[in-house]
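The values are calculated or read from the model by the stated rules, or taken from the named source; none is laboratory data. Here the structure is a predicted model, which is why all the values come from computation and not from measurement. Heads up, the Cβs are rebuilt from the backbone with ideal geometry, glycines too, and the neighbour counts pull from every protein chain shown. SASA here: full protein model, heavy atoms, side chains in, ligands and nucleic acids out. Shrake-Rupley method; radii C 1.70, N 1.55, O 1.52, S 1.80 Å.
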Amino acid sequence: MSAENESAKDASKRIAVIPGDGIGKEVIPEACKVLSAAAAAGGRKLELVEFDWGAERYLRDGTTLPADAPEMLRRDFDAILLGAMGDPRVPSNQHAADILLGLRFKLDLYANVRPCVLLDRRLTPLRDRSEGDIQFTVIRENTEGAYVGVGGFFKKGTLDEVAVQEDINTHKGVERILRYAFDFARRRNLKRVCMSDKSNALAYGHDLWQRLFAVVRGEYPEIKSRHLYIDTLMMEMVRDPGQFDVIVTCNLFGDIASDLGAQLAGGLGLAASGNIHPRSVSLFEPVHGSAPNIAGKNIANPFGSVLAGAMMLDHLGWDAEAAAVDAAVRAAVREGSTTPDLGGKLSTREAGDWLAGCVAKHGVRHAQP
């Protein structure tokens, strides 16, 4: 590809948008509004293509994730922005599992990246902690572990029932997530990586984590690395979150640790997530659920979706646009221009309008070549 064509490609990105269910259909449009404002302010083109995969479509015609969707997304799009999944009319949540887990596994999105960043000290439940104390990222293995669905029932529904859930750990999967965590720290000039497992009890799968951690950490001598058992990690995250830069762990433990981190940083309404393959189309989403109890009331907090969009822009190399979106969210929190869950009085749409207006007003500052 010529330099001219590469420059044109960098100036234009095509994003697949899946609003999902419940409040996803309210907050994702606001994220798209803010992302479009950032692209316009930065002189770039952002094409947003919406797909109606979710509970409504599933209830209408049984469609969850079309068979050709993963290849189409990999071929035709630069990234995916996904809203929350889940609808009480689908008690099994089959559509949500097929779409979210289907995309994670079929696109091999093996790194789940969850920033835990305190935007304002008023938001943390921890006493005497400030913004500088909660600035870490949880990197979770995203395609293995206890979530792969390997297992089954014997004598289900009887008093003799046996339920088996297998925890899958492979050399390839563990090594690449460990290496991703160290590379993530190195790219951002972060100095500390903590690996967490439960190898004192899970003597086979997590012994593999121990052995590969010993190998990989040796390739990054400039980064201070250490190990904590998962129960110790949970205690230390509450006692002194400032000791962490990057935490890397398995699928199940990462799910728990990242939710704790989100709460320390102000709650799930501010939590964003990336499901990433470094060399393929990746997926970005807010962490909160579909919240059917408040869906349709125009009170849901769109900041998690907006920050997920900022992560997406950063992943795509639009650093200045990502920084502008992040700065707008920080300004909104600082000034109280938020939805009621964060103490403000704005509706979902008003919060989106405020952020988009802030980005347009302050513009995007590209680094000089």
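Structure notes:
- The accessible surface of the range 219-360, taken with every protein chain in place and a 1.4 Å probe, is 54 percent carbon and sulfur.
- Surface listing: ILE230, ILE15, ILE294 arranged by accessible area from highest to lowest gives ILE294, ILE230, ILE15, probe 1.4 Å.
- Measuring r between the beta carbons of ASP10 and VAL238 and using R0 = 35 Å, the FRET efficiency lands at 0.25.
- Placing a label point 7 Å from the Cα of ASP183 along the Cα-to-Cβ line, the residues of the range 293-322 whose backbone N sits under 18 Å from it are 312, 314-318.
- For the chain, the antiparallel share of DSSP beta bridges with both residues in that region comes to about 40%.
- When Rg and Dmax are taken over the Cα atoms of the range 140-214, they come to 16.3, 55 Å.
- The range 17-140, accessible surface, carbon-and-sulfur percent (1.4 angstrom probe): 47 percent
- Estimated inter-spin distance, ALA323 and LYS345, nm [label 7 Å along Cα→Cβ]: 3.5 nm
- Charge context of ALA300, other residues only, Cβ under 13 angstrom, K/R +1, D/E -1: -2
- For the range 58-73, 3J(HN,Hα) per residue [Karplus equation, 6.51 cos²θ - 1.76 cosθ + 1.60, θ = phi - 60°, Hz, x = Gly/Pro]: 4, 5, 6, 9, x, 6, 10, 10, x, 4, 8, 4, x, 5, 4, 5
- Per residue of the chain, the DSSP helices (runs of n ≥ 4 H) give a summed -39500 (n - 2.57) that works out to -12000 deg cm²/dmol at 222 nm.
- Other-chain or far-sequence residues with amide H under 5 Å of CYS116's (modelled H): PHE136, THR137, VAL138
- Residues ARG74 and SER130, FRET efficiency given R0 of 30 Å [Cβ-Cβ distance, rounded to 0.05]: 0.10
- Maximal additional length on extending the ASP120-ALA201 stretch stands at 25.3 nm, based on 0.36 nm per residue less the C-alpha distance.
- At the listed q of 0.21, 0.23 Å⁻¹, the Debye profile of the range 1-98, built from one uniform point per Cα, gives log10 I(q)/I(0) equal to -1.06, -1.18.
- Taking label positions 7 Å along the Cα-Cβ direction at both ARG89 and THR63, the computed distance is 1.6 nm, reported to one decimal.
- Shape class of the range 108-174 from the alpha-carbon gyration tensor: oblate, with a/c at 1.5 or above and b/c at least as large as a/b.
- Normalised per residue, the accessible area of the chain is 45 Å², obtained with a 1.4 Å probe and no contribution from ligands, DNA or RNA.
- With 0.36 nm allotted per residue and the present C-alpha distance subtracted, the ALA163-LYS297 stretch has 44.2 nm of extension available.
- Unit charges on C-beta of K, R, D, E only; dipole of the chain, Debye: 660 debye
- Placing a label point 7 Å from the Cα of VAL148 along the Cα-to-Cβ direction, the residues of the range 200-229 with a backbone N closer than 13 Å are 205-206.
- Pairs over the 27 Å Cα-Cα cut-off, from the set LYS33/LYS345; LYS156/LYS198; LYS106/LYS156: LYS156/LYS198; LYS106/LYS156.
- Surface/4 of the Cα convex hull for the chain, nm²: 20.6 nm²
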